[in-house]
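J.: Once you've had a glance at the structure underneath, I'll fire off some questions.
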Amino acid sequence: MNAPVSRHRRPLWRIWRGMGSVALTLLALAIGQAIIAATPDVDRSERPFLKSGPMGAEVDARSFTASVVGVRSSRIIKERGVEHDTQGVWVVVKVKITAGTEPVLINYAALHDGRGRTFLATDRLRQPIADAARTFQPGIAVEGEIAFEVPADTTGLSLRLAESSGARLMDATTDVALPPGPLWLDPQPVTLDPPVVSS
Amino acid sequence: MTVTAIAPAPPPVRGWWRRNVWGLLTVLPLLVTAAAIGYADDVTEDYWDSQPRQPISAATNEWAQLGGARIRLVELVAATDLANYAGEPIQLPAGVLSWRAVIEFDAPDQDAVAGCKITLEDRAGRQYGTRPDELDQVRAGYPGCTADSSAGVDLRSYRTEALFVTPVGAEPVAVRITWITKLPIYLRLLR
């Protein structure tokens, strides 16, 4: 005949078992949280596709192609006879844009610098082709200028254009590097050229 | 005399399958339900339906019927007589051609045709929009599918004129009319 189990061992066994369940549950939660932390979040996993290219080359931004034709800079920009000065620098980028298969508006135009800063196209004056100012028809290349206001010490600028505005999730965005080095400032005020169809 | 106690027989051991039979029987309908829920809310299908996929086609001067309205393409020709607001002929940029589409409507129910988008389609499948910036100096109205609200318009017979530009070499083949509310169905009026 077996000796009876000690009565005070049964509650202790249940407590150990319960604590073990809690510990395993917490471990599972911790592992899950670690996996979530290690995987990219929505902003990262759905970020825009940057399409790079040198100046002068056509960059394919899915619904349009763009090439940077030239860059000018000055301390003063003139629009309709009114001079706009700045504590920084005006950078005027001339681009050639051709829509692909449907009419396109450029809703996003920005300069990105080497320090990770982004400067949207200025709204201090009327933009001829940015900010959805002009509709680009398929197959018809149009050259136009976009004005930006940037700090005087900025370097490593690249032009980013996209059809989408806002977050531009998973959309193509051009990333064309402008000439490196300090910007040469035109001593005269610059004026934005009107857009023209490029043959 | 020695009496030997007979130990009771151990309870029969139930196999794994018998122990889990109810769980296994529940898994199958759960799987089917999960799959049905996934397919019932198919994002791919919603995206497909939001694009123009199902054309109702008609040749030039042939009526196309859509939602109680009849629409036909009267003409789609090169526009060579464009003038600016001062009445002077305009010069198009090199490499650009302009086109004029005249569309006729028989639409007593104006709600059936309101809110349309008119585009020109070329042989390569590219779409061109109305009122292009290349023709911003041209004296032209805003092409739409509803009649001019001024008095005297016969809703059974009114026309709209749309201007487009294409690059030289593009061959227009049709005028497309789309309504967001009618997608994926759209009209394709052939040249």
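No lab work stands behind these numbers, since they all come straight from the coordinates. Nothing here was measured: the structure is a model prediction, and the numbers come from that model. FYI the Cβ positions are ideal-geometry reconstructions off the backbone, even for glycines, and counts take in every protein chain you see.
J.: Counting partner chain Cβ atoms within 10 Å of every residue's Cβ in B:89-96, what's the average? Before the final figure, lay out the partial values.
T.: Values: counts 0, 0, 0, 1, 6, 3, 6, 5.
Taking all residues of B:89-96 together, the mean is 3.
J.: What is the fewest-to-most order of B:TYR39, A:TYR108 by other Cβ atoms lying within 10 Å of their Cβ? Kindly include the intermediate steps, with their values, before the conclusion.
T.: Values: B:TYR39 9, A:TYR108 23.
Fewest to most other Cβ atoms nearby, the residues stand as B:TYR39, A:TYR108.
J.: Would you tell me the mean number of C-beta atoms belonging to other protein chains that fall within 10 Å of each C-beta in B:121-129, as a whole number?
T.: On the way: counts 0, 3, 0, 3, 3, 8, 6, 8, 8.
Taking the mean over all residues of the peptide, I get 4.
J.: Hey, any idea what Rg/Rh is for chain A, computing Rh the Kirkwood way over Cα pairs? Could you put the intermediate results ahead of the total?
T.: Details: Rg = 28.7 Å, Rh = 20.2 Å.
Ratio of gyration radius to Kirkwood radius for chain A: 1.42.
J.: Tally the DSSP beta bridges in the stretch A:35-151 and give the antiparallel ones as a percent, rounded to 5.
T.: Numbers: 30 of 31 bridges.
If I count the DSSP bridges inside the stretch A:35-151, around 95 percent turn out antiparallel.
J.: Separate question: Let's test the formula: R0 of 51 Å, r as the Cβ-Cβ distance of B:ASP136 and A:GLU46. What FRET efficiency results, to the nearest 0.05? Could the numbers behind the result be given before it?
T.: On the way: r = 37 Å, r/R0 = 0.72.
So, using R0 = 51 Å, E works out to roughly 0.90.
J.: Given labels modelled 7 Å from the Cα in the Cβ direction, how far is it in nm from B:GLU45 to A:GLN33?
T.: Between B:GLU45 and A:GLN33, the simple spin-label model gives 4.0 nm.
J.: Hey, any idea what the orientation-averaged projected area of the convex hull of the stretch B:62-191's Cα atoms comes to, in nm²? Please report the intermediate quantities before stating the final value.
T.: Numbers: hull surface 33.3 nm².
Approximately 8.3 nm², given one-decimal rounding.
J.: Moving on to the next point. Taking the simple approach of a point 7 Å from Cα along Cα-to-Cβ for both B:ALA36 and B:LEU183, what is their distance in nm?
T.: With each label placed 7 Å out from Cα toward Cβ, I get 3.1 nm.
J.: Across the residues of A:134-146, average count of Cβ atoms on other protein chains within 10 Å?
T.: Details: counts 4, 7, 3, 14, 12, 12, 13, 2, 3, 0, 0, 0, 0.
Mean partner-chain Cβ count within 10 Å for A:134-146: 5.
J.: Here's a follow-up. Apply 1/(1 + (r/R0)^6) to the Cβ-Cβ distance of A:LYS78 and B:VAL168, taking R0 = 35 Å, and write down the FRET efficiency to the nearest 0.05. Display every interim value, and only then the final one.
T.: Details: r = 35 Å, r/R0 = 1.01.
According to the calculation, E is roughly 0.50.
J.: Right, another one. How many nm separate the modelled label positions at A:ILE15 and A:VAL196, each set 7 Å beyond the Cα in the direction of the Cβ?
T.: 9.0 nm
J.: Arrange the following residues from fewest to most other Cβ atoms within 10 Å of their Cβ: A:SER73, B:SER50, A:SER158. Could you put the intermediate results ahead of the total?
T.: Working: A:SER73 22, B:SER50 11, A:SER158 17.
By the 10 Å Cβ count, ascending, the order reads B:SER50, A:SER158, A:SER73.
J.: Zone of A:VAL69 (label point 7 Å along Cα→Cβ, backbone N under 13 Å): which residues in the stretch A:106-126?
T.: none
J.: If you take every DSSP beta bridge fully contained in the protein assembly as shown, what fraction is antiparallel? Give it as a percent rounded to 5. Before the final figure, lay out the partial values.
T.: Working: 76 of 90 bridges.
Bridges in the protein assembly as shown are about 85 percent antiparallel.
J.: Order of A:ASP131, A:ASP43 from fewest to most other C-beta atoms within 10 Å? It would help to have the intermediate numbers written out before the result.
T.: Details: A:ASP131 19, A:ASP43 9.
With the fewest neighbours first, A:ASP131, A:ASP43 line up as A:ASP43, A:ASP131.
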